[in-house]
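**Student:** I have a structure here, written as structure tokens, and I will follow up with some questions on it.
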Amino acid sequence: MKVTNAEFVISAVRPDQYPGDALPEIALAGRSNVGKSSLINRMINRKNLARTSSTPGKTQHLNYYRINDQLYFVDLPGYGYAKVSKTQRQVWGQMIEKYLLERDRLKLILLVIDLRHPPTKDDEMMYDWLKHYDLPVCVVGTKADKIPKSRWQKHIKIIKDSLVLRARDEFVMFSSEEGIGKDELWSHISRHILE
Ligand code: GDP
């Protein structure tokens, strides 16, 4: 997809703030600091439309980015940040659960995972939860530039095996730094927004 226009729309805390124009939505889930903002920026060729932050867990909102008047990227709050209180975590859970289960225009969830490490318990729980509800997922293994090419396949296998990646779910190796996987990810997204 050729991105000609991308804009930040809203940081939503309640469903009535979600955009009402019925464009398809692609959500990004992943633990704090995994690289979701960087991924969005790379996908839309912008340096910092999506805020990249060194303070993980800060964003408690659903951040909507409109792309080409064709779709939204919806950046979900990062999970697994130890300093977030239990109450905050519960609020997070309720808001995200409601969004993921009730948003009918949600077409695909990008589950962003650090390619360097095996999935965390939170990553595994997130994937299992999404699969329990039969939601379509594309797992994105990001920060590929940080490991040598010769080890990519090994890392991919560890992630796929740990998650028990289902046959209908895609896996894309990605690097926001170098642009690896960008075209492949766009082609999956394009297919899902047409479904
Ligand atoms: P978020 O909290 O998930 O939105 O994570 P950010 O996008 O803010 O990224 C967290 C940190 O990881 C930042 O310092 C980024 O520069 C870095 N980062 C993100 N993606 C990549 C990548 O693909 N390669 C490298 N080398 N660094 C990355």
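**Student:** Failed condition for ARG31, given (1) surrounded by fewer than 20 Cβ atoms within 10 Å (Cβ to Cβ); (2) modelled with pLDDT of 90 or more, with all others met?
**Tutor:** (1)
**Student:** Now, a different point. Condition check: surrounded by 20 or more Cβ atoms within 10 Å (Cβ to Cβ), more than 18 Å from TYR127 (Cβ to Cβ) and modelled with pLDDT of 85 or more. Does ARG42 satisfy that?
**Tutor:** Yes: the conditions hold for ARG42.
**Student:** Here are ILE10, ILE26, ILE44: which of them is within 16 Å of the ligand (Cβ to nearest atom), β-branched (Val, Ile, Thr) and closer than 22 Å to ASP104 by Cα?
**Tutor:** One residue alone meets the criteria, ILE26.
**Student:** Here is a further query. In the range 121-175, what residues are in contact with a strand residue (DSSP E or B) (Cβ under 6 Å, 6 or more places away or on another chain) and surrounded by fewer than 11 Cβ atoms within 10 Å (Cβ to Cβ)?
**Tutor:** Residues satisfying the conditions do not exist here.
**Student:** Identify all residues within the range 6-21 that are over 17 Å from LEU100 (Cβ atoms) and assigned to a strand (DSSP E or B); write none if there are none.
**Tutor:** Within the range 6-21, ALA6, GLU7, PHE8, VAL9, ILE10, SER11 meet the criteria.
Listed here are the residues, each with its yes/no results for (1) within 13 Å of the chain's Cα centre (by Cα); (2) within 30 Å of VAL3 (Cα to Cα); (3) assigned to a loop (DSSP other than H, G, I, E, B); (4) within 16 Å of the ligand (Cβ to nearest atom).
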site	(1), (2), (3), (4)
LEU130	yes, yes, no, no
LEU135	no, yes, yes, no
ARG151	no, no, no, yes
SER175	no, yes, yes, yes
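**Student:** Still on this structure, please answer the following. Which number in (1) in contact with an Asp or Glu (Cβ under 9 Å, 6 or more places away or on another chain); (2) away from the ligand (no atom under 16 Å from the Cβ); (3) at pLDDT below 95 marks the one condition that ARG103 misses?
**Tutor:** The single condition ARG103 does not satisfy is (3).
The values are calculated or read from the model by the stated rules, or taken from the named source; none is laboratory data. Quantities reported herein were computed from a predicted structural model and do not represent experimental measurements. Neighbour counts are summed over all protein chains in view; Cβ atoms, including those assigned to glycine, are modelled from backbone coordinates with ideal geometry.
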